[in-house]
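Participant: Have a look at this one before I ask anything.
The values are calculated or read from the model by the stated rules, or taken from the named source; none is laboratory data. Just so we're clear, the structure is a prediction, and the values are computed from it rather than from any experiment. Quick reminder, even Gly has a Cβ in these numbers, built from the backbone with ideal geometry, and neighbours come from all protein chains shown. Protein only, heavy atoms only, side chains kept; ligands, DNA and RNA dropped before computing areas. Shrake-Rupley method; radii C 1.70, N 1.55, O 1.52, S 1.80 Å.
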Amino acid sequence: MKGFVLLLGCMFGFMYVSAQTIFRDLTFEEALNQAGVEDKCVFVDCYTSWCGPCKMMAEKILPLQEVGEYINGKFICVKFDMEKGEGLNIQQRYKISSYPTFLILTSDGGVKARIVGATLDGKEFIKKIDASFTDNSVVNFEGEYLAGNRKMDFLLKYIKVLMDSGNVGKARDIALDVMTSLEDWQKCMEPYWFIYEDYQLSPVGSGNLAYLLKHVEQFRQGVGVEKVDKKLGSLFALPLESILRGANKNITLKEVDKLKSTLDIYNLTGQDYLYGYVDLIKGIMTGDTGMALKAYKRAFPFVPDEKIASLYFMPIMYFKEKWTGEQKKELIVLTDQLIQQVKMRELKASLSEMKANVLMK
């Protein structure tokens with residue numbers, strides 16, 4: 001009987017191992033050679049020891065059965081620490097600067113696809129890999145581009161494919177060429193909006209964002225008020241959220257009022273939560289719990305989970321001994337509303353814990 005149980009354990013253990021992504025103990029050159037022998041591509045997990053998303057992929061996504069079955073059938077899989085041994089050469093050869101990066105290589109070492117960053121879902125990760133074998137792969141687009149294709153539809157698709165593959169630098173270069181070639185009235189139209197919308201293609205301080213801020217009404221007409229005002233709202237949110245997180249301790253009330261005045265000028269639709277941020281900052285700076293409470297109600301029911309997680313707790317703790325009994329009751333009602341509203345399980349638990357340990361005492 002013990003032998004039978006042991007046999008079953010070995011069988012199940014083998015099934016588990018075979019279901020997950022199998023990384024072979026090969027050098028980089030051996031992996032390329034083996035890919036040629038087996039008529040496969042090489043899947044390279046480029047990681048570092050300190051990278052949290054790399055560990056998440058290694059522990060949560062790559063061991064998934066559907067991911068393992070897909071990858072093992074198509075690739076010779078190897079992984080290298082980009083700060084040790086062969087990884088140093090691979091990092092330099094393929095100019096890897098973000099982690100994790102997953103390379104899909106042909107047997108001669110050519111890049112078929114580059115997937116940058118972690119993916120929270122196994123099926124989505126498979127989808128990204130699968131895209132490298134379609135007509136929309138980076139390699140196919142690069143071939144057309146080098147052959148001289150400069151049609152606008154092609155260039156816009158190429159930018160998106162490059163962004164999906166993580167090649168932000170090249171995508172930004174081509175986006176710059178596209179925007180430079182356009183007439184002013186064209187720049188404010190829907191087909192090019194994704195370039196302004198993507199913070200990697202149009203980072204803060206870039207010429208694209210400066211152009212957007214100078215031509216807001218034209219963009220609203222060409223793209224739509226909701227899309228444009230949401231983007232503008234995100235630009236105002238950046239400094240305000242930074243202040244709320246305590247990153248700018250030298251900010252003055254005069255500077256906060258100036259931010260509010262600039263916000264007034266744009267008259268944004270659907271971005272009222274930003275005024276909640278402003279009033280919350282002013283409430284904290286002046287010690288006004290009444291203003292802070294009104295700001296809480298104005299802002300937090302209308303922001304996503306991640307902003308609640310990073311911004312909701314600190315001001316409540318800051319005013320911990322100053323809230324009146326009535327104000328605490330109103331905060332409990334708001335906290336209960338958010339507990340029902342948010343999707344993140346950990347955030348629900350944190351809100352409940354704060355309610356019990358801070359607001360109800």
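Participant: Return yes when Gln218 is at pLDDT 95 or above and in a helix (DSSP H, G or I) and no when it is not.
Facilitator: Yes; evaluated as a whole, the condition is true for this residue.
Participant: Got at least one residue in segment 303-310 being part of a loop (DSSP other than H, G, I, E, B) and more than 30 Å from Glu353 (Cβ to Cβ)? Break it down stepwise before answering.
Facilitator: At the first step, the residues of segment 303-310 found to be part of a loop (DSSP other than H, G, I, E, B) are 303-304.
Then drop every residue that is not more than 30 Å from Glu353 (Cβ to Cβ), which leaves none.
No, segment 303-310 has no match at all.
Participant: Which of the residues belonging to segment 253-293 are under 18 Å from Ile243 (Cα atoms) and among the charged types (D, E, K, R)?
Facilitator: Lys254, Glu255, Asp257, Lys258, Lys260, Asp272, Asp279, Lys282, Asp288
Participant: Give all pairs with beta carbons closer than 9 Å in which a residue from segment 237-262 that is touching a residue at least 24 places away in the same chain (Cβ under 8 Å) meets a residue that is of a type in the set (S, T, N, Q) and in a helix (DSSP H, G or I); count only pairs at least 6 apart in sequence or on separate chains.
Facilitator: Glu241/Ser310; Leu244/Ser310; Arg245/Ser310; Leu253/Thr286
Participant: May I ask you to verify whether Val67 is in contact with a Gly (Cβ under 7 Å, 6 or more places away or on another chain) and surrounded by 12 or more Cβ atoms within 10 Å (Cβ to Cβ)?
Facilitator: Values: in contact with a Gly (Cβ under 7 Å, 6 or more places away or on another chain): yes; surrounded by 12 or more Cβ atoms within 10 Å (Cβ to Cβ): yes.
Judged against the criteria, Val67 is a match.
Participant: Against the condition aromatic (Phe, Trp, Tyr) and under 21 Å from the mean Cα position of the chain (by Cα), how does Tyr70 come out, does it pass? Walk me through it before giving the result.
Facilitator: Values: aromatic (Phe, Trp, Tyr): yes; under 21 Å from the mean Cα position of the chain (by Cα): no.
Answer is no for this residue.
Participant: Which of the residues spanning segment 309-352 are surrounded by 15 or more Cβ atoms within 10 Å (Cβ to Cβ), within 21 Å of the chain's Cα centre (by Cα) and in contact (Cβ under 8 Å) with a residue 40 or more places away in the chain?
Facilitator: Hits for segment 309-352 are Ala309, Leu311, Leu347.
Participant: Taking segment 91-140, which residues are open to solvent by less than 40 Å² (accessible area, probe 1.4 Å), outside any strand (DSSP E or B), out of contact with any Asp or Glu (no Cβ under 8 Å at 6 or more places or on another chain) and within 19 Å of Glu69 (Cβ to Cβ)?
Facilitator: Taking segment 91-140 and keeping what is open to solvent by less than 40 Å² (accessible area, probe 1.4 Å), we get 94, 96, 100-105, 109-110, 113, 115, 117, 119, 122, 125-126, 129, 132, 137-138.
With outside any strand (DSSP E or B) added as a condition, the list becomes 94, 96, 100, 109-110, 117, 119, 122, 125-126, 129, 132, 137-138.
Pick out the ones that are also out of contact with any Asp or Glu (no Cβ under 8 Å at 6 or more places or on another chain) and you get 94, 96, 109-110, 117, 119, 125, 129, 132, 137-138.
The answer is Thr119, Phe125, Ile129, Ser132.
Participant: Specify the residue that is nearest to Thr101 (Cα to Cα); the eligible residues are those in segment 148-162 that are outside any loop (DSSP other than H, G, I, E, B) and open to solvent by 30 Å² or more (accessible area, probe 1.4 Å). Lay out the reasoning, then the answer.
Facilitator: So in segment 148-162, the residues outside any loop (DSSP other than H, G, I, E, B) come out as 152-162.
Pick out the ones that are also open to solvent by 30 Å² or more (accessible area, probe 1.4 Å) and you get 152-153, 157, 160.
Details: Met152: 29, Asp153: 28, Lys157: 22, Lys160: 18 Å.
Within segment 148-162, the match that is nearest to Thr101 (Cα to Cα) is Lys160.
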